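The values are calculated or read from the model by the stated rules, or taken from the named source; none is laboratory data. Just so it is clear, the model here is predicted, and its values are computed rather than measured. Here the Cβ is made from the backbone with ideal geometry for all residues, glycine too, and neighbour counts use every protein chain on show. Calculation scope for accessible area: heavy atoms of the full protein, side chains included, ligands and nucleic acids excluded. Shrake-Rupley method; radii C 1.70, N 1.55, O 1.52, S 1.80 Å.
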Amino acid sequence: MYRICITTIVTLVLFVFVSCKDTSVKQSNSEAVSIDSLLQNRYEKLLEYPLDSLSIPRSYNPISKEIFKVEPKDWTSGFYPGNLWQLYKLTGEEVFKNKAVEWTKFIEKEKYNDGTHDMGFKIYSSFGEGFEVTNEEHYKDVIVESANTLITRFNKNVGSLRSWDFNADIWEFPVIIDNMMNLELLFEATRISGDSIYHNIAIKHANTTLKNHFREDNSSYHVVVYDTVSGRVNSKVTHQGFNDNSAWARGQAWGVYGFTMCYRYTKNPMYLEQAEKLAVFYLNHSKLPEDGIPYWDFDDPNIPNVVKDVSAAAIVASALVELSTYTNNDTYLDYSNKVLNTLKTEEYIISPDIDAPFILKHSTGNWPKNDEMDGPIVYGDFYFLELMLRIKE
Ligand code: GLY
(Lines give C-alpha, C1' and ligand atoms only; values in the text may rest on other atoms or scores of the structure.)
Protein backbone atom coordinates (compact mmCIF):
# COMPACT_ATOMS: atom_id res chain seq x y z
CA MET A 1 0.00 0.00 0.00
CA TYR A 2 2.79 2.38 1.08
CA ARG A 3 4.75 1.49 -2.13
CA ILE A 4 1.72 2.12 -4.32
CA CYS A 5 1.22 5.50 -2.67
CA ILE A 6 4.86 6.55 -3.21
CA THR A 7 4.70 5.41 -6.86
CA THR A 8 1.50 7.38 -7.40
CA ILE A 9 3.00 10.51 -5.84
CA VAL A 10 6.19 10.21 -7.93
CA THR A 11 4.13 9.68 -11.07
CA LEU A 12 1.97 12.70 -10.25
CA VAL A 13 5.00 14.92 -9.57
CA LEU A 14 6.58 13.78 -12.82
CA PHE A 15 3.33 14.39 -14.70
CA VAL A 16 3.03 17.91 -13.28
CA PHE A 17 6.71 18.63 -14.09
CA VAL A 18 6.41 17.35 -17.67
CA SER A 19 3.10 19.19 -18.22
CA CYS A 20 4.59 22.44 -16.93
CA LYS A 21 7.60 22.01 -19.15
CA ASP A 22 5.36 21.26 -22.09
CA THR A 23 3.24 24.33 -21.46
CA SER A 24 6.22 26.63 -21.24
CA VAL A 25 7.54 25.27 -24.55
CA LYS A 26 4.14 25.78 -26.12
CA GLN A 27 3.95 29.30 -24.73
CA SER A 28 7.35 30.32 -26.04
CA ASN A 29 6.54 28.75 -29.41
CA SER A 30 3.31 30.65 -29.76
CA GLU A 31 5.09 33.84 -28.68
CA ALA A 32 7.79 33.19 -31.28
CA VAL A 33 5.12 32.71 -33.93
CA SER A 34 3.41 35.95 -33.03
CA ILE A 35 6.69 37.94 -33.03
CA ASP A 36 7.55 36.41 -36.39
CA SER A 37 4.18 37.42 -37.76
CA LEU A 38 4.63 40.94 -36.39
CA LEU A 39 7.98 41.17 -38.15
CA GLN A 40 6.54 39.68 -41.34
CA ASN A 41 3.89 42.37 -41.29
CA ARG A 42 6.58 45.07 -41.05
CA TYR A 43 8.59 43.50 -43.91
CA GLU A 44 5.51 43.63 -46.12
CA LYS A 45 5.08 47.33 -45.38
CA LEU A 46 8.58 47.93 -46.78
CA LEU A 47 7.67 45.97 -49.86
CA GLU A 48 4.37 47.73 -50.47
CA TYR A 49 5.76 51.25 -50.16
CA PRO A 50 5.50 53.01 -53.57
CA LEU A 51 8.72 53.54 -55.49
CA ASP A 52 9.67 57.19 -55.79
CA SER A 53 13.19 58.41 -56.48
CA LEU A 54 12.61 61.63 -54.53
CA SER A 55 10.74 60.18 -51.56
CA ILE A 56 12.97 57.66 -49.88
CA PRO A 57 11.61 56.77 -46.42
CA ARG A 58 13.88 57.98 -43.61
CA SER A 59 11.81 58.10 -40.42
CA TYR A 60 8.33 58.20 -38.93
CA ASN A 61 7.06 60.76 -36.47
CA PRO A 62 4.93 58.93 -33.88
CA ILE A 63 3.26 62.20 -32.82
CA SER A 64 2.36 63.78 -36.17
CA LYS A 65 2.08 60.32 -37.77
CA GLU A 66 4.02 61.52 -40.81
CA ILE A 67 6.67 59.71 -42.80
CA PHE A 68 9.78 61.83 -43.40
CA LYS A 69 11.04 61.17 -46.94
CA VAL A 70 14.31 62.25 -48.48
CA GLU A 71 16.09 62.62 -51.79
CA PRO A 72 19.12 60.50 -52.75
CA LYS A 73 21.51 63.22 -51.57
CA ASP A 74 20.45 62.71 -47.94
CA TRP A 75 22.96 60.73 -45.85
CA THR A 76 20.34 58.06 -45.06
CA SER A 77 19.17 57.36 -48.64
CA GLY A 78 21.07 54.07 -49.02
CA PHE A 79 19.55 52.38 -45.99
CA TYR A 80 16.09 51.76 -47.44
CA PRO A 81 17.41 49.80 -50.44
CA GLY A 82 19.85 48.19 -48.00
CA ASN A 83 16.96 47.01 -45.85
CA LEU A 84 15.32 45.38 -48.86
CA TRP A 85 18.58 43.63 -49.85
CA GLN A 86 18.91 42.34 -46.31
CA LEU A 87 15.30 41.18 -46.26
CA TYR A 88 16.07 39.20 -49.39
CA LYS A 89 19.06 37.62 -47.64
CA LEU A 90 16.92 36.88 -44.59
CA THR A 91 13.85 35.45 -46.34
CA GLY A 92 15.16 34.29 -49.72
CA GLU A 93 12.05 35.82 -51.32
CA GLU A 94 12.70 37.27 -54.80
CA VAL A 95 10.17 40.08 -54.31
CA PHE A 96 12.52 41.78 -51.85
CA LYS A 97 15.41 41.53 -54.28
CA ASN A 98 13.36 42.97 -57.13
CA LYS A 99 12.32 45.94 -55.03
CA ALA A 100 15.89 46.40 -53.76
CA VAL A 101 17.15 46.61 -57.35
CA GLU A 102 14.65 49.37 -58.15
CA TRP A 103 15.36 51.48 -55.04
CA THR A 104 19.12 51.02 -55.46
CA LYS A 105 19.03 52.59 -58.96
CA PHE A 106 17.86 55.89 -57.43
CA ILE A 107 21.04 56.24 -55.38
CA GLU A 108 23.52 55.83 -58.26
CA LYS A 109 23.88 59.51 -59.11
CA GLU A 110 25.36 60.07 -55.65
CA LYS A 111 28.59 58.49 -56.86
CA TYR A 112 29.55 61.93 -58.20
CA ASN A 113 28.49 63.93 -55.13
CA ASP A 114 31.74 65.25 -53.68
CA GLY A 115 30.03 67.57 -51.21
CA THR A 116 29.75 64.98 -48.44
CA HIS A 117 31.63 62.24 -46.61
CA ASP A 118 28.46 60.15 -46.40
CA MET A 119 29.30 58.19 -49.54
CA GLY A 120 29.74 54.97 -47.58
CA PHE A 121 26.37 55.26 -45.88
CA LYS A 122 24.67 56.00 -49.19
CA ILE A 123 26.50 53.78 -51.65
CA TYR A 124 27.81 50.96 -49.52
CA SER A 125 24.49 50.33 -47.76
CA SER A 126 22.73 50.09 -51.14
CA PHE A 127 25.17 49.08 -53.90
CA GLY A 128 27.47 47.30 -51.44
CA GLU A 129 24.63 45.11 -50.19
CA GLY A 130 23.48 44.57 -53.77
CA PHE A 131 26.97 43.62 -54.90
CA GLU A 132 27.25 41.04 -52.14
CA VAL A 133 24.01 39.42 -53.27
CA THR A 134 24.37 39.62 -57.06
CA ASN A 135 28.07 40.06 -57.88
CA GLU A 136 26.79 42.43 -60.54
CA GLU A 137 29.61 44.10 -62.52
CA HIS A 138 27.86 47.46 -62.69
CA TYR A 139 27.50 47.61 -58.88
CA LYS A 140 31.23 47.04 -58.64
CA ASP A 141 31.90 50.01 -60.92
CA VAL A 142 29.60 52.24 -58.88
CA ILE A 143 31.46 51.32 -55.67
CA VAL A 144 34.86 52.16 -57.18
CA GLU A 145 33.60 55.37 -58.81
CA SER A 146 32.12 56.47 -55.47
CA ALA A 147 35.41 55.76 -53.72
CA ASN A 148 37.17 57.96 -56.29
CA THR A 149 34.80 60.79 -55.41
CA LEU A 150 35.13 60.25 -51.65
CA ILE A 151 38.93 60.41 -51.63
CA THR A 152 38.82 63.92 -53.11
CA ARG A 153 37.87 64.92 -49.54
CA PHE A 154 41.16 63.64 -48.12
CA ASN A 155 43.57 66.25 -46.75
CA LYS A 156 47.19 65.11 -46.49
CA ASN A 157 48.15 67.63 -43.77
CA VAL A 158 45.32 66.47 -41.54
CA GLY A 159 45.47 62.82 -42.54
CA SER A 160 41.66 62.58 -42.72
CA LEU A 161 38.66 62.77 -44.98
CA ARG A 162 36.67 65.94 -44.39
CA SER A 163 33.22 65.22 -42.98
CA TRP A 164 31.00 68.26 -43.35
CA ASP A 165 31.17 71.41 -45.49
CA PHE A 166 28.59 73.40 -43.52
CA ASN A 167 29.60 75.71 -40.65
CA ALA A 168 32.87 76.34 -42.54
CA ASP A 169 33.38 79.77 -40.91
CA ILE A 170 33.62 78.07 -37.49
CA TRP A 171 34.95 74.62 -38.36
CA GLU A 172 37.91 74.75 -40.73
CA PHE A 173 38.06 70.99 -41.27
CA PRO A 174 35.55 68.96 -39.22
CA VAL A 175 35.85 65.20 -38.86
CA ILE A 176 33.07 63.30 -37.11
CA ILE A 177 33.32 59.86 -35.55
CA ASP A 178 30.55 58.67 -37.93
CA ASN A 179 33.08 59.06 -40.76
CA MET A 180 34.73 55.79 -39.69
CA MET A 181 31.76 54.02 -41.28
CA ASN A 182 32.61 55.35 -44.73
CA LEU A 183 35.94 53.53 -44.72
CA GLU A 184 34.27 50.22 -45.56
CA LEU A 185 33.54 51.58 -49.04
CA LEU A 186 37.24 52.45 -49.48
CA PHE A 187 38.51 49.08 -48.28
CA GLU A 188 36.07 47.34 -50.61
CA ALA A 189 37.05 49.56 -53.54
CA THR A 190 40.64 48.37 -53.17
CA ARG A 191 39.56 44.75 -52.80
CA ILE A 192 37.46 45.00 -55.95
CA SER A 193 39.80 47.09 -58.11
CA GLY A 194 43.22 46.03 -56.82
CA ASP A 195 44.20 49.70 -56.50
CA SER A 196 45.65 50.30 -53.01
CA ILE A 197 44.97 54.06 -53.00
CA TYR A 198 41.56 53.69 -51.28
CA HIS A 199 42.84 51.25 -48.65
CA ASN A 200 45.79 53.50 -47.81
CA ILE A 201 43.59 56.56 -47.35
CA ALA A 202 41.22 54.56 -45.15
CA ILE A 203 44.16 53.56 -42.94
CA LYS A 204 45.38 57.15 -42.66
CA HIS A 205 41.91 58.32 -41.67
CA ALA A 206 41.55 55.54 -39.08
CA ASN A 207 44.96 56.33 -37.57
CA THR A 208 44.22 60.05 -37.28
CA THR A 209 40.85 59.26 -35.67
CA LEU A 210 42.50 56.84 -33.27
CA LYS A 211 44.98 59.49 -32.24
CA ASN A 212 42.60 62.40 -31.69
CA HIS A 213 39.01 61.30 -31.27
CA PHE A 214 38.93 59.60 -27.87
CA ARG A 215 39.00 60.67 -24.25
CA GLU A 216 41.00 59.05 -21.45
CA ASP A 217 37.95 56.97 -20.49
CA ASN A 218 37.61 55.68 -24.09
CA SER A 219 34.46 57.60 -24.89
CA SER A 220 34.33 59.36 -28.24
CA TYR A 221 34.18 63.01 -29.15
CA HIS A 222 31.68 63.69 -31.88
CA VAL A 223 33.46 66.37 -33.94
CA VAL A 224 37.21 67.02 -34.08
CA VAL A 225 38.11 70.22 -35.95
CA TYR A 226 41.53 70.47 -37.63
CA ASP A 227 43.77 73.18 -39.00
CA THR A 228 44.34 72.35 -42.65
CA VAL A 229 47.83 73.88 -42.79
CA SER A 230 49.46 72.53 -39.63
CA GLY A 231 47.16 69.50 -39.40
CA ARG A 232 46.77 70.23 -35.67
CA VAL A 233 43.54 69.86 -33.72
CA ASN A 234 41.67 73.15 -33.27
CA SER A 235 38.80 71.95 -31.13
CA LYS A 236 36.82 68.91 -29.99
CA VAL A 237 33.09 69.55 -29.86
CA THR A 238 29.69 67.99 -30.37
CA HIS A 239 26.89 68.49 -32.85
CA GLN A 240 24.43 65.79 -31.88
CA GLY A 241 25.46 64.97 -28.31
CA PHE A 242 24.36 66.47 -24.98
CA ASN A 243 27.49 68.63 -24.72
CA ASP A 244 31.09 68.73 -25.95
CA ASN A 245 32.26 66.35 -23.23
CA SER A 246 29.37 63.91 -23.25
CA ALA A 247 29.30 60.41 -24.67
CA TRP A 248 26.67 60.47 -27.42
CA ALA A 249 25.49 56.86 -27.70
CA ARG A 250 25.40 56.61 -31.49
CA GLY A 251 28.80 58.26 -31.81
CA GLN A 252 30.24 55.59 -29.52
CA ALA A 253 28.43 52.98 -31.63
CA TRP A 254 29.95 54.24 -34.90
CA GLY A 255 33.37 54.02 -33.25
CA VAL A 256 32.89 50.40 -32.08
CA TYR A 257 31.61 49.36 -35.50
CA GLY A 258 34.22 51.37 -37.43
CA PHE A 259 37.29 50.00 -35.66
CA THR A 260 35.96 46.42 -35.71
CA MET A 261 35.48 46.76 -39.47
CA CYS A 262 38.99 48.27 -39.89
CA TYR A 263 40.41 45.22 -38.14
CA ARG A 264 38.53 42.96 -40.59
CA TYR A 265 40.34 44.54 -43.55
CA THR A 266 43.79 45.16 -42.04
CA LYS A 267 44.27 42.68 -39.16
CA ASN A 268 46.10 45.53 -37.42
CA PRO A 269 45.87 44.71 -33.65
CA MET A 270 45.78 48.44 -32.87
CA TYR A 271 42.27 48.63 -34.37
CA LEU A 272 41.09 45.55 -32.52
CA GLU A 273 42.35 47.01 -29.25
CA GLN A 274 40.56 50.30 -29.96
CA ALA A 275 37.30 48.53 -30.86
CA GLU A 276 37.47 46.61 -27.57
CA LYS A 277 38.22 49.73 -25.52
CA LEU A 278 35.22 51.53 -27.04
CA ALA A 279 33.01 48.47 -26.54
CA VAL A 280 34.07 48.08 -22.90
CA PHE A 281 33.25 51.75 -22.18
CA TYR A 282 29.77 51.18 -23.62
CA LEU A 283 29.07 47.75 -22.10
CA ASN A 284 30.33 48.62 -18.60
CA HIS A 285 28.67 52.00 -18.39
CA SER A 286 26.57 52.35 -15.25
CA LYS A 287 23.88 54.14 -17.29
CA LEU A 288 23.41 51.33 -19.83
CA PRO A 289 19.94 49.95 -19.02
CA GLU A 290 19.42 46.30 -18.14
CA ASP A 291 17.64 45.58 -21.47
CA GLY A 292 20.76 46.72 -23.39
CA ILE A 293 19.17 49.69 -25.20
CA PRO A 294 21.11 52.85 -24.29
CA TYR A 295 19.69 56.27 -23.60
CA TRP A 296 20.50 58.64 -26.44
CA ASP A 297 23.52 60.10 -24.59
CA PHE A 298 25.24 58.45 -21.61
CA ASP A 299 25.68 61.84 -19.94
CA ASP A 300 22.19 63.26 -20.15
CA PRO A 301 21.63 64.32 -16.49
CA ASN A 302 17.94 63.46 -16.74
CA ILE A 303 18.51 59.74 -17.22
CA PRO A 304 16.34 57.64 -16.76
CA ASN A 305 13.66 60.11 -17.88
CA VAL A 306 15.06 60.56 -21.36
CA VAL A 307 14.63 58.92 -24.74
CA LYS A 308 16.57 55.84 -25.78
CA ASP A 309 18.29 55.14 -29.09
CA VAL A 310 17.56 51.76 -30.64
CA SER A 311 19.80 52.59 -33.59
CA ALA A 312 22.86 52.83 -31.29
CA ALA A 313 21.98 49.47 -29.73
CA ALA A 314 21.56 47.81 -33.13
CA ILE A 315 24.85 49.24 -34.47
CA VAL A 316 26.83 48.08 -31.42
CA ALA A 317 25.08 44.70 -31.25
CA SER A 318 25.82 44.03 -34.91
CA ALA A 319 29.46 45.13 -34.51
CA LEU A 320 29.89 42.95 -31.44
CA VAL A 321 28.83 39.82 -33.31
CA GLU A 322 31.81 40.47 -35.55
CA LEU A 323 34.11 41.51 -32.68
CA SER A 324 33.25 38.28 -30.84
CA THR A 325 34.72 36.30 -33.75
CA TYR A 326 38.10 38.02 -33.23
CA THR A 327 38.29 37.53 -29.46
CA ASN A 328 37.54 34.98 -26.76
CA ASN A 329 35.31 37.37 -24.85
CA ASP A 330 31.75 36.00 -24.45
CA THR A 331 30.37 39.31 -23.22
CA TYR A 332 30.29 40.68 -26.77
CA LEU A 333 28.02 38.00 -28.20
CA ASP A 334 25.98 37.98 -24.98
CA TYR A 335 25.20 41.65 -25.53
CA SER A 336 24.26 41.07 -29.18
CA ASN A 337 21.87 38.28 -28.20
CA LYS A 338 20.41 40.36 -25.41
CA VAL A 339 19.70 43.27 -27.76
CA LEU A 340 18.18 40.94 -30.34
CA ASN A 341 15.87 39.46 -27.70
CA THR A 342 14.92 42.89 -26.41
CA LEU A 343 14.17 44.24 -29.87
CA LYS A 344 12.15 41.22 -30.95
CA THR A 345 9.28 42.17 -28.65
CA GLU A 346 6.10 44.19 -28.96
CA GLU A 347 7.75 46.97 -26.97
CA TYR A 348 10.09 47.59 -29.91
CA ILE A 349 8.41 46.25 -33.07
CA ILE A 350 5.97 48.73 -34.63
CA SER A 351 2.38 47.53 -34.35
CA PRO A 352 0.59 46.40 -37.55
CA ASP A 353 -1.86 49.31 -37.57
CA ILE A 354 0.94 51.83 -38.29
CA ASP A 355 1.19 52.31 -42.02
CA ALA A 356 4.85 53.20 -42.42
CA PRO A 357 7.72 51.25 -44.02
CA PHE A 358 9.78 50.71 -40.88
CA ILE A 359 10.34 47.91 -38.38
CA LEU A 360 11.46 49.25 -35.00
CA LYS A 361 10.38 52.04 -32.66
CA HIS A 362 12.46 54.12 -30.24
CA SER A 363 15.41 55.47 -32.22
CA THR A 364 16.60 59.03 -31.69
CA GLY A 365 18.12 61.01 -34.56
CA ASN A 366 19.06 64.51 -33.39
CA TRP A 367 18.16 65.28 -29.78
CA PRO A 368 19.67 68.82 -29.62
CA LYS A 369 17.41 69.81 -32.52
CA ASN A 370 14.43 67.90 -31.11
CA ASP A 371 14.38 66.07 -34.43
CA GLU A 372 13.51 62.39 -35.02
CA MET A 373 12.88 61.70 -31.35
CA ASP A 374 11.97 58.26 -30.04
CA GLY A 375 10.59 56.87 -33.29
CA PRO A 376 11.32 54.55 -36.19
CA ILE A 377 14.42 55.52 -38.21
CA VAL A 378 15.62 53.69 -41.30
CA TYR A 379 19.19 53.04 -40.07
CA GLY A 380 17.91 51.52 -36.81
CA ASP A 381 16.19 48.93 -39.03
CA PHE A 382 19.28 48.49 -41.21
CA TYR A 383 21.57 47.48 -38.34
CA PHE A 384 18.80 45.40 -36.73
CA LEU A 385 18.47 43.37 -39.94
CA GLU A 386 22.24 43.08 -40.14
CA LEU A 387 22.30 41.90 -36.52
CA MET A 388 19.73 39.20 -37.29
CA LEU A 389 21.70 38.07 -40.34
CA ARG A 390 25.00 38.02 -38.44
CA ILE A 391 23.53 36.03 -35.53
CA LYS A 392 21.95 33.60 -38.01
CA GLU A 393 25.25 33.10 -39.76
N1 GLY B 1 25.71 60.32 -39.29
C2 GLY B 1 24.76 61.06 -38.58
C3 GLY B 1 24.13 60.37 -37.43
O4 GLY B 1 24.56 59.36 -36.94
O5 GLY B 1 23.13 60.88 -36.99
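Using only alpha-carbon positions, what ratio does the radius of gyration of region 200-280 give when scaled by 2.2 N^0.38 Å?
Cα-based Rg divided by the globular estimate yields 1.08.
Calculate the dipole size of region 64-108 relative to its Cα centre from +1 charges on Lys and Arg beta carbons and -1 charges on Asp and Glu beta carbons; express the result in debye to the nearest 20.
The dipole magnitude comes to about 60 debye.
Report, in whole Å, the centroid distance computed from the Cα atoms of region 341-369 and region 71-148.
23 Å
Roughly speaking, what is the stretch gain from Thr325 to Ser286, that is 0.36 nm per residue apart minus the C-alpha to C-alpha distance, in nm to one decimal?
On the way: separation 39, 0.36 × 39 = 14.04 nm, distance 2.58 nm.
Between Thr325 and Ser286, full extension yields 11.5 nm more.
Determine which residues of region 144-188 fall in the zone a paramagnetic label at Glu136 would reach in this model, i.e. backbone nitrogen under 18 Å from the point 7 Å along Cα→Cβ.
144-147
Rounded to two decimals, what ratio of Rg to Rh does the chain give with C-alpha atoms and a Kirkwood Rh?
On the way: Rg = 22.9 Å, Rh = 22.0 Å.
Reported Rg/Rh (Cα atoms, Kirkwood Rh): 1.04.
Taking amide hydrogens as modeled 1.01 Å from N in the peptide plane, which residues meet the under 5 Å criterion relative to His362, leaving out close sequence neighbours?
Gly375
Taking 0.36 nm per residue of sequence separation and subtracting the Cα-Cα distance, how much length would be gained by fully extending the chain between Gln40 and Ile303, in nm to one decimal?
Computed gain between Gln40 and Ile303 is 91.3 nm.
Size of region 147-197 along its principal axes in angstrom, Cα-based, largest extent first?
Principal extents (Cα only, largest first): 38, 20, 16 Å.
Percent of accessible area on region 103-195 owned by carbon and sulfur, 1.4 Å probe? Present the calculation step by step, with values, prior to reporting the outcome.
Values: 1520 of 3470 Å².
In region 103-195, the share of accessible area belonging to carbon and sulfur is 44 percent.
With r as the distance between the Cβ atoms of Arg191 and Asn61 and R0 = 51 Å, compute the FRET efficiency 1/(1 + (r/R0)^6) and round to 0.05.
In this case the efficiency is close to 0.80.
Volume per residue, Å³, of the convex hull around the alpha-carbon atoms of region 261-358?
In region 261-358, the Cα convex hull volume per residue is 118 Å³.
To the nearest 500 deg cm²/dmol, what mean residue ellipticity at 222 nm is calculated for the chain from DSSP H runs of n ≥ 4 alone, each contributing -39,500 (n - 2.57), summed and divided by the residues?
-17000 deg cm²/dmol
Say the cut-off is 27 Å between C-alpha atoms; which of Lys109/Lys392; Lys69/Lys105; Lys45/Lys122; Lys73/Lys99; Lys89/Lys109 go over it?
Lys109/Lys392
Across 5 Å bins from the origin, how do the percents of Cα pairs in region 316-368 run, short distances first?
All Cα pairs, binned at 5 Å, distribute as 4, 18, 19, 17, 17, 13, 8, 3, 1 percent.
What angle do you read, to the nearest 10 degrees and between 0 and 90, between the alpha-carbon axis of helix 197-212 and the longest principal axis of the chain?
So the inclination is approximately 80 degrees.
So if I take the centroid of the Cα atoms in region 183-233 and the same for region 241-272, what is the distance between those two points in Å?
The two parts, judged by their Cα centres, are 11 Å apart.
Using the Cβ atoms and a cut-off under 12 Å, what net charge is assigned to the surroundings of Gly255, where Lys and Arg are +1 and Asp and Glu are -1?
Net local charge, Gly255 excluded: +1.
Taking the 0 to 90 degree range and rounding to the nearest ten, how far is the long axis of helix 79-91 tilted relative to the main principal axis of the chain, both from C-alpha atoms?
In the chain, helix 79-91 runs at an angle near 40 degrees to the longest axis.
Averaged per residue, what accessible area in Å² does the chain show with a 1.4 Å probe, protein chains only?
Averaged over the residues of the chain, the accessible area is 44 Å².
If packing is taken as the average number of other Cβ atoms within 10 Å across a peptide's residues, how do 372-378, 223-229 rank, most packed first?
Packing proxy ranking, top to bottom: 372-378, 223-229.
Students often check this: by mean Cβ neighbours within 10 Å, which of 61-69, 355-363 ranks highest, and how do the rest follow?
The most tightly packed comes first, giving 355-363, 61-69.
Given points 7 Å out from each Cα along the Cα-Cβ axis, report the Asn200 to Lys392 separation in nanometres with one decimal.
It is 4.0 nm.
What is the angle, in °, between the Cα long axis of helix 330-343 and the longest principal axis of the Cα atoms in the chain? Nearest 10 is fine, range 0 to 90.
80 degrees
Extension gain Glu93-Ile354, at 0.36 nm per residue separation less the Cα-Cα distance, in nm?
91.6 nm
Test of understanding: in a Gaussian network model of the chain with alpha carbons linked when under 10 Å, which of Leu283, Leu54, Leu340 would top the mean-square fluctuation ranking?
The residue that fluctuates most here is Leu54.
How big is region 171-228 by Rg and Dmax over its Cα atoms, in Å?
Rg then Dmax for region 171-228, in Å: 12.8, 39.
Under the √(5λ) rule applied to the eigenvalues of the Cα gyration tensor, what semi-axes describe the equivalent ellipsoid of region 228-270? Give them in Å, descending. Numbers along the way, then the final one.
Numbers: eigenvalues 115, 69, 10 Å².
One finds semi-axes of 24, 19, 7 Å for region 228-270.
How far apart, in nanometres, would the label points at Arg232 and Ala168 be if each is projected 7 angstrom from Cα along the Cα-to-Cβ direction?
Reported label-point gap for Arg232 and Ala168 is 2.4 nm.
Within the accessible area of region 349-393, what % is carbon and sulfur when the probe is 1.4 Å and the other protein chains stay in place?
Numbers: 770 of 1620 Å².
Carbon and sulfur: 48 percent of the exposed surface of region 349-393.
Quick one: if you stick a label point 7 Å off each Cα along the C-beta vector at Asp114 and Leu47, how many nm between them?
4.3 nm
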